[in-house]
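> Mind having a look at this structure? Questions to follow.
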Amino acid sequence: MKGFARTAGSSAVLVLAALLLSGCNTSPGAAALVGGDRISASALQDEVDQALSLPNVQPSLANDRVGFTRSELARMVTNLIVAAAAREHHLTASQADIDQQLNSFAQQAGGQAQLIQQAEQSGIPRAELSDFTRYYVLQQKLADQLIARIPVSQADLRAAYEKNIDQYNQVHSAHILVKTKALADTILARVKQKPSSFAQLASKYSTDPSNKDSGGDLGFAGRGQFVPEFSDAIFKAKPGSFIEVHSQFGWHVVHVIAHRVVTLAQAAPQLKASLLQSTRDKLLAEALASEGHKIGVHINPRYGRWDFATQTVVGVPLKDQVSSPSPTPTA
């Protein structure tokens, strides 16, 4: 995960237009109303205070409290819109779904600790990570459903697959790089006789400083990561074997550890999502805007107005602001 955006869409809501027009209760303590759900001004400020008190929060957020408050309100509104849209489309996010996505976030961040740090930098407390992820999962499921019926040709899928083949066809290898064939022959004979000695011999003999102290491990990699001579040899070799390869860098004694292939059929869902990413984003934005219009989004003018297209709370010019805390409907 490259990082967190505090808004998971964004919107702010207040009193129902019907209430205003009929002169009914205007709920002066509300920051927004989304459908039948009320977001109180005190609840909003509590969220803002908690976020800005986090030890790792970015100073820029605290330096723009007004802007951050709008973002928080937008997040709270968007969550309600997403929940309504999920109900409309019969979608749910199980705890298993949430845990799986959290694990994915952690892997992208470099670990659980890094994930928590990144979240706090964006104003998301650790205790809110699960809830944040729940609404993210619901949005992804909604987007997946929206593009499910959009066709992508087999030719386009195969072209995308071949273009990114290094992601789908990879070999895990380790090597010991030396200058002469004679030394490579000696090392090869020794590792074939005693495979467990490979890491020790890499540390002693390899001239590749980037991995000699980690047993010469090169990890999983596609063909394009290595020079052709090396790639050709390891992709032809049987997993578990030890081979000798000559390249422009010298002589390699190589342990071909494993070979994994993700087939086109297995990669198709990911490839389709990638090819339709812009369409997917557009359909999701349209669906949330439509749901927002349907249930009604009303923002207290002291915070701004709701922009259905961008799912954000937008500030209004000073001359248009209302001093009264009474909410007005968003156009």
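Computed from the coordinates by the stated procedures, all read-outs in this text should not be read as laboratory data. What you see is a predicted model, and the numbers here were worked out from it, not measured in a lab. FYI the Cβ positions are ideal-geometry reconstructions off the backbone, even for glycines, and counts take in every protein chain you see.
> Run the dipole for the chain about the Cα centre, Lys and Arg Cβ at +1, Asp and Glu Cβ at -1, nothing else charged, and hand back the magnitude in debye, nearest 20.
Dipole of the chain, to the nearest 20 debye: 720 debye.
> What are the lysines whose alpha-carbon lies under 16 Å from the alpha-carbon of LYS282, with same-chain residues fewer than 8 places away excluded?
Straight-line reach from LYS282, under 16 Å: LYS141, LYS272.
> Also: Compute the relative contact order of the range 48-138 as a whole-number percentage, counting only Cα pairs closer than 8 Å that sit 6 or more residues apart in sequence. Before the final figure, lay out the partial values.
Numbers: 66 pairs, mean separation 39.9, N = 91.
It comes to 44 percent, rounded to a whole number.
> Roughly what angle does helix 129-147 make with the longest principal axis of the chain, taking Cα atoms, 0 to 90 degrees, to the nearest 10?
Compared with the principal axis, the helix lies near 80 degrees.
> Which Rg and Dmax, in Å, describe the Cα atoms of the range 164-261?
Calculated on Cα positions, Rg and Dmax stand at 12.4, 38 Å.
> Ok, one more. May I ask you to list the trypsin sites (Lys or Arg not before Pro) in the range 107-174 that are in a DSSP loop and have at most 11 other Cβ atoms within 10 Å of their Cβ?
ARG149
> So, one more: Taking the Cα centre of the chain as the origin and placing charges on Cβ (Lys, Arg +1; Asp, Glu -1), which of GLN100, ALA285, VAL191 is farthest toward the positive end of the dipole?
Positive-end residue among those listed: VAL191.
> Explain nothing, just the number: relative contact order of the chain, from Cα pairs under 8 Å at least 6 residues apart, as a whole percent.
This gives 27 percent for the chain.
> Could you list which residues have their amide H under 5 Å from that of ALA32, counting only those 5 or more apart in sequence or on another chain, with H placed in the peptide plane?
Placed amide hydrogens put VAL13, ILE39, ASN300 under 5 Å from ALA32.
> Could you give each residue of the range 225-239 its phi-based ³J(HN,Hα) in whole Hz, using Karplus coefficients 6.51, -1.76, 1.60 with θ = phi - 60°, and x for Gly or Pro?
So the J values, rounded to whole Hz, are 7, 10, 5, x, 4, 6, 4, 4, 5, 6, 6, 8, 6, 7, x.
> If you place +1 on the Cβ of every Lys and Arg and -1 on the Cβ of every Asp and Glu, how big does the dipole about the Cα centre of the range 164-261 come out, in debye to the nearest 20?
300 debye
> Ok, one more. What does the charge count around VAL171 come to, taking other residues whose C-beta lies under 12 Å from its C-beta (Lys +1, Arg +1, Asp -1, Glu -1)?
Net local charge, VAL171 excluded: +2.
> What is the extension gain from ASP37 to HIS89, computed as 0.36 nm multiplied by their sequence separation minus the C-alpha to C-alpha distance, in nm to one decimal?
On the way: separation 52, 0.36 × 52 = 18.72 nm, distance 1.93 nm.
That works out to 16.8 nm of additional length.
> While we're looking at this one, here's another question. Which residues' amide hydrogens lie under 5 Å from the amide hydrogen of ASN211, considering only partners 5 or more residues apart or on another chain, with H built in the peptide plane?
HN-HN under 5 Å from ASN211: empty list.
> Sticking with this structure for a sec: Can you run phi through the Karplus equation (6.51, -1.76, 1.60; θ = phi - 60°) for the range 54-59 and list ³J(HN,Hα) in whole Hz, with x for Gly and Pro?
Residue by residue, the range 54-59 yields 5, x, 9, 4, 5, x Hz.
> From the backbone phi of the range 159-171, what are the Karplus-calculated ³J(HN,Hα) couplings (6.51 cos²θ - 1.76 cosθ + 1.60, θ = phi - 60°) in whole Hz, Gly and Pro given as x?
With the stated coefficients, the range 159-171 comes to 5, 5, 5, 5, 5, 10, 4, 5, 7, 10, 10, 9, 10 Hz.
> If the label point is 7 Å along Cα→Cβ of ASN63, which residues in the range 126-155 have backbone nitrogen under 19 Å from it?
none
> Next up: Distances longer than 15 Å among the Cα atoms of the range 241-311: what percent of all pairs is that? Walk me through the intermediate numbers first.
Details: 1864 of 2485 pairs.
So the portion of pairs separated by more than 15 Å is 75 percent.
> Please rank SER278, SER247, fewest neighbouring Cβ atoms within 10 Å first, as an exposure proxy.
SER278, SER247
> Something else about it: Helix-only estimate, please: 222 nm mean residue ellipticity of the chain, summing -39500 (n - 2.57) across DSSP H runs of length 4 or more and dividing by its residues, to the nearest 500. Before the final figure, lay out each step's value.
Working: 14 runs with 166 residues, N = 331.
Result for the chain: -15500 deg cm²/dmol, rounded to the nearest 500.
> Considering the Cα positions of the chain, please state its Rg to one decimal place and its Dmax as a whole number of Å.
Radius of gyration, then largest Cα-Cα span, for the chain: 27.8, 94 Å.
> Right, here's the next one. I'd like the orientation of helix 264-275 relative to the chain: the angle between its Cα long axis and the longest Cα principal axis, in ° from 0 to 90, rounded to 10.
Helix 264-275 sits at roughly 40 degrees to that axis.
> Under 16 Å from the Cα of LYS212, which lysines turn up, not counting those fewer than eight places away in the same chain?
Filter leaves LYS179, LYS204.
> Magnitude of the Cβ-charge dipole of the range 196-307, K/R +1 and D/E -1, about the Cα centre, nearest 20 debye? Write down the numbers at each step before the final one.
Numbers: 12 positive and 10 negative charges, 80 e Å.
The calculated dipole for the range 196-307 is roughly 380 debye.
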